[in-house]
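What follows is a single structure, written as structure tokens, with notes after it.
The values are calculated or read from the model by the stated rules, or taken from the named source; none is laboratory data. This one's a predicted model, so the numbers in the text were calculated from it and none came from an experiment. All Cβ positions, even for glycine, are placed from backbone atoms using ideal geometry, and neighbour counts span all protein chains on display. The area values use the complete protein model at the heavy-atom level, side chains included, leaving out ligands, DNA and RNA. Shrake-Rupley method; radii C 1.70, N 1.55, O 1.52, S 1.80 Å.
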Protein chains: 2
Amino acid sequence: MTAGTRRVPVGERLPTLEDVAAVAGVSRATVSRVINGIRNVDPQLHELVWNAVGQTGYVPNRLARSLVTRRTGTVALVVSDSESHDDDPFMGRFFADPYFGRVVGGLMSVLRAAGIQLALQIVGTEEQRTRLVGDLRHGQADGVIVLSLPGHDPLPRMLTDAGVPAVMIGRPADPVPINYVDLANDTGAALAADHLVARGCQLVAMISGPADVPASNDRIAGFRRSMARHGHAWVPLASGNFTQESGRRAMRTLLTEQPGLDGVFVANDLMALGALLALRDAGRDVPGDVAVVGFDDSSAAIAASPALTTVRHPLEDMAAESARLLMARIEDPTMRISSVIYEPTLVPRQSA
Amino acid sequence: MTAGTRRVPVGERLPTLEDVAAVAGVSRATVSRVINGIRNVDPQLHELVWNAVGQTGYVPNRLARSLVTRRTGTVALVVSDSESHDDDPFMGRFFADPYFGRVVGGLMSVLRAAGIQLALQIVGTEEQRTRLVGDLRHGQADGVIVLSLPGHDPLPRMLTDAGVPAVMIGRPADPVPINYVDLANDTGAALAADHLVARGCQLVAMISGPADVPASNDRIAGFRRSMARHGHAWVPLASGNFTQESGRRAMRTLLTEQPGLDGVFVANDLMALGALLALRDAGRDVPGDVAVVGFDDSSAAIAASPALTTVRHPLEDMAAESARLLMARIEDPTMRISSVIYEPTLVPRQSA
DNA sequence: AACACTTCGGAAAGCGCTCTCCAAGCCCGA
DNA sequence: TCGGGCTTGGAGAGCGCTTTCCGAAGTGTT
């Protein structure tokens with residue numbers, strides 16, 4: 001037999017602990033101990049075992065290991081979508097939105113270093129949700145990051161009831177004892193209001209997201225409250241669904257209803273891009289005639305022309321933090337429920 | 001005991017097949033058969049078993065099942081990145097790019113329906129790659145979708161050597177007997193060339209992506225070839241890295257070197273957005289002074305002003321197709337290696 | 001009524017691993 | 001020299017599931 005790592009031919013049974021043990025002339029238990037670095041093993045045996053591992057080309061079977069350790073080294077990213085159904089185009093929109101990518105990027109920056117993989121799960125129907133929770137209780141994944149979508153989602157409650165370590169990105173719509181990481185959306189909206197008022201805008205409107213998303217609601221509430229504080233009791237509102245096209249439509253509606261408006265706060269950058277287009281179509285200069293403030297500080301913001309003044313939403317950081325929170329929770333399940341709220345900042349550019 | 005599904009308290013041992021068998025008064029084997037719908041089981045027993053399942057709140061343990069069936073119901077999406085290292089900011093850029101989201105959306109549209117979950121893996125180092133392949137041989141996932149990044153990646157070859165069902169999105173840089181789904185990038189670039197020439201452009205340049213990405217090379221080659229066919233022997237070239245900012249820089253460079261240019265083909269929309277910005281900064285009208293054609297038809301294209309004339313890259317469809325291809329390959333491992341090439345089309349809008 | 005043939009359910013052997021016991025060997029002080 | 005504590009490695013019992021192998025019924029034919 002040649003020295004060094006043996007190439008295991010395709011199709012042949014893969015070497016198991018038993019095989020390594022046979023080659024090394026020790027018991028299966030000893031090999032397992034060496035590989036997992038448990039207890040003091042005689043240095044001589046130690047080396048013997050590692051040689052046998054190299055010789056056989058042994059790789060531990062994660063599945064078998066997980067079955068007994070109840071640890072998988074996997075975290076599930078679940079996108080729960082209680083309203084749409086299987087072939088709803090909503091999902092396509094969702095993935096295309098930079099939101100998803102930024103979250104994944106933030107999560108991976110932490111998980112990757114810890115050698116944890118991310119399993120993507122989308123659950124729509126009640127049945128899927130039940131199965132997911134069942135799988136999770138069995139330890140299919142060590143924990144869950146939940147991305148909540150429109151509506152009052154039963155999933156967070158199901159997860160906590162099942163005792164599955166979970167962290168939400170964005171607060172739950174209903175009060176549930178679950179860890180979460182969120183942005184102070186209301187503060188962010190207030191920042192936008194302050195900025196528009198400070199600029200001297202007299203008639204300010206808002207383009208909001210769907211009413212049943214907590215983040216969206218908070219932005220509306222925060223904006224209204226701050227505007228009221230500045231003496232603007234009433235804020236014309238039009239709503240969209242976070243897509244650029246919906247922003248364009250909403251802007252058109254606002255222009256019809258409030259031809260005199262000179263400022264608008266848009267609940268996300270994508271819609272703000274649409275609003276910019278509608279304003280141009282209407283011959284309004286930005287920021288000369290109408291000042292526009294977006295939300296998210298996504299890559300779209302600097303791509304816009306004029307570059308978008310927007311509220312920075314440190315999504316990557318938030319996702320990374322939620323991964324850390326989850327990992328801590330997995331390590332210590334008795335950890336008390338906690339939430340982390342990020343403070344947004346205003347990024348002034350050209351549009352306002 | 002109450003009728004209906006029993007809520008299993010947290011912390012308590014989860015019901016196993018054995019428990020269900022005890023309640024139903026049959027053997028473990030019978031329960032397994034009923035649950036998996038194998039063979040004819042007496043309808044009476046059948047019902048008895050399902051009742052017991054409901055009563056105990058039993059959910060099969062996927063891990064245990066996978067261990068014996070060697071099927072996991074999971075497909076790995078591996079992003080192989082042979083050049084960057086663990087904390088390379090490259091990854092951040094990658095996830096933020098709409099490319100990633102579109103691929104995931106396309107994959108999920110197929111996988112979700114089949115009840116398959118997607119596990120995201122990022123491999124950078126040699127060691128990670130080896131471990132990944134080891135895990136895959138053990139059936140950690142039923143198959144792999146590979147997203148190849150810059151450079152000559154050893155992963156595709158490793159996967160085929162290991163006999164792991166795999167499909168690449170984008171052709172491999174080196175010839176490897178692996179299934180793949182790709183776009184006829186050269187044809188797409190030729191389309192852009194034809195369009196610019198037909199418009200009457202006399203001095204046409206190109207902003208390309210990194211030289212070591214096959215897709216990027218194909219676009220360069222296709223564009224040059226078609227321009228040559230139209231009598232333009234030489235095409236000024238500047239390269240970027242697919243980000244908007246790099247496109248802006250590349251455009252500035254081109255304007256300096258070729259002040260008289262009246263047309264430019266940009267290898268992706270994001271860079272095209274940057275180019276648009278640079279052109280505006282330079283006081284050039286698009287498409288009046290300079291015609292711009294992008295590539296991808298991403299959501300950024302319609303967001304641009306003027307709206308971008310671009311080459312449509314049906315990435316979602318391609319990803320969906322690769323998922324289907326992979327599933328077929330998993331079902332029938334003897335299936336011959338095949339590739340699917342999509343034909344791009346030109347989407348004329350305002351920029352050219 | 002006896003036979004071959006099919007249908008159906010149970011026993012039990014794994015899948016590949018971890019980890020608790022336990023026995024054997026060792027060193028040390030008395 | 002002997003016993004008590006320590007270290008070390010092996011045997012073996014699972015983790016929860018599938019699936020082969022069999023024997024026990026049930027069916028139909030001559």
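Just a few scattered comments:
- Of all residues in the range A:49-65 being within 12 Å of chain B (Cβ to nearest Cβ) and of a type in the set (A, V, I, L, M), the one that is farthest from the chain's Cα centre (by Cα): A:Val53
- 3 or more residues over 30 Å from B:Gln350 (Cα atoms) and either open to solvent by 60 Å² or more (accessible area, probe 1.4 Å) or touching a residue at least 12 places away in the same chain (Cβ under 8 Å) (or both): qualifying helices (runs of 4 or more DSSP H) within the range A:214-329: A:214-229
- Residue in the range A:49-60 that is assigned to a helix (DSSP H, G or I) and within 10 Å of DNA strand D (Cβ to nearest atom) present: yes
- Any hit, the range A:313-333, residues being of a type in the set (Val, Ile, Thr) and within 14 Å of chain B (Cβ to nearest Cβ): no
- Just one of the listed residues (A:Val8, A:Val41) is at pLDDT below 90, within 9 Å of DNA strand D (Cβ to nearest atom), open to solvent by less than 40 Å² (accessible area, probe 1.4 Å) and assigned to a loop (DSSP other than H, G, I, E, B), and it is A:Val41.
- Scanning the range A:177-206 for residues that are under 29 Å from the mean Cα position of the chain (by Cα), closer than 17 Å to A:Leu237 by Cβ and open to solvent by 10 Å² or more (accessible area, probe 1.4 Å) yields a count of 2.
- Selection status of A:Asp135, outside the structural domain of A:Val292 (by TED's automatic domain parsing), open to solvent by less than 40 Å² (accessible area, probe 1.4 Å) and among the acidic types (Asp, Glu): yes
- The listed residue being aliphatic (A, V, I, L, M) and more than 8 Å from chain A (Cβ to nearest Cβ), out of B:Val123, B:Val104: B:Val123
- Taking residues in the range A:176-191 that are of a type in the set (Gly, Ala, Ser), and partners anywhere that are open to solvent by less than 20 Å² (accessible area, probe 1.4 Å), the pairs with Cβ atoms closer than 6 Å and at least 6 places apart or on different chains are A:Gly188/A:Val311; A:Gly188/A:Pro344; A:Ala189/A:Arg219; A:Ala189/A:Gly222; A:Ala189/A:Phe223; A:Ala190/A:Gly222; A:Ala190/A:Ser226.
- Taking the range A:109-150 as the range and being small (Gly, Ala, Ser) and in contact with a helix residue (DSSP H, G or I) (Cβ under 6 Å, 6 or more places away or on another chain) as the test, the residues that pass are A:Ser109, A:Gly143.
- Residues that are farther than 25 Å from B:Val75 by Cβ, in a loop (DSSP other than H, G, I, E, B) and not aliphatic (A, V, I, L, M), drawn from the range A:118-177: A:Pro150, A:Gly151, A:His152, A:Asp153, A:Pro154, A:Gly163, A:Gly170, A:Arg171, A:Pro172, A:Asp174, A:Pro175, A:Pro177
- Checking each residue of the range A:193-203 against the condition of being of a type in the set (Gly, Ala, Ser), in a helix (DSSP H, G or I) and modelled with pLDDT of 95 or more gives at least one match.
- Filtered residues of the range B:15-28 (kept if open to solvent by 50 Å² or more (accessible area, probe 1.4 Å) and within 6 Å of DNA strand D (Cβ to nearest atom)): B:Thr16, B:Arg28
- Scope the range A:98-117; condition outside any helix (DSSP H, G or I) and buried (at least 21 other Cβ atoms within 10 Å of the Cβ); matching residues: A:Arg112, A:Ile116, A:Gln117
- Cβ-Cβ under 9 Å pairs, at least 6 apart or on other chains, the range B:31-48 side within 14 Å of chain A (Cβ to nearest Cβ) and closer than 12 Å to B:Pro60 by Cβ, far side more than 8 Å from DNA strand C (Cβ to nearest atom) and assigned to a loop (DSSP other than H, G, I, E, B): B:Ile35/B:Tyr58; B:Ile35/B:Pro60
- Among residues of the range B:124-174, those that are within 16 Å of DNA strand D (Cβ to nearest atom) and touching a residue at least 40 places away in the same chain (Cβ under 8 Å), counted: 3
- As a summary of the residue check, B:Thr56 satisfies the conditions (1) of a type outside the set (A, V, I, L, M, F, W, C); (2) within 9 Å of DNA strand C (Cβ to nearest atom); (3) surrounded by 19 or more Cβ atoms within 10 Å (Cβ to Cβ) except for the one numbered (2).
- Every condition in (1) at pLDDT 90 or above; (2) open to solvent by 40 Å² or more (accessible area, probe 1.4 Å) holds for B:Glu83 except the one numbered (1).
- Exclusive hit being away from chain B (no Cβ under 14 Å) and among the basic types (Lys, Arg), set A:Arg131, A:Arg171, A:Arg157: A:Arg171
- B:Leu67 meets each of the listed conditions (1) touching a residue at least 60 places away in the same chain (Cβ under 8 Å); (2) outside any loop (DSSP other than H, G, I, E, B); (3) open to solvent by 20 Å² or more (accessible area, probe 1.4 Å) apart from (1).
- Meets criteria (more than 30 Å from B:Asp281 (Cα to Cα) and in contact with a Pro (Cβ under 8 Å, 6 or more places away or on another chain)) for A:Arg312: no
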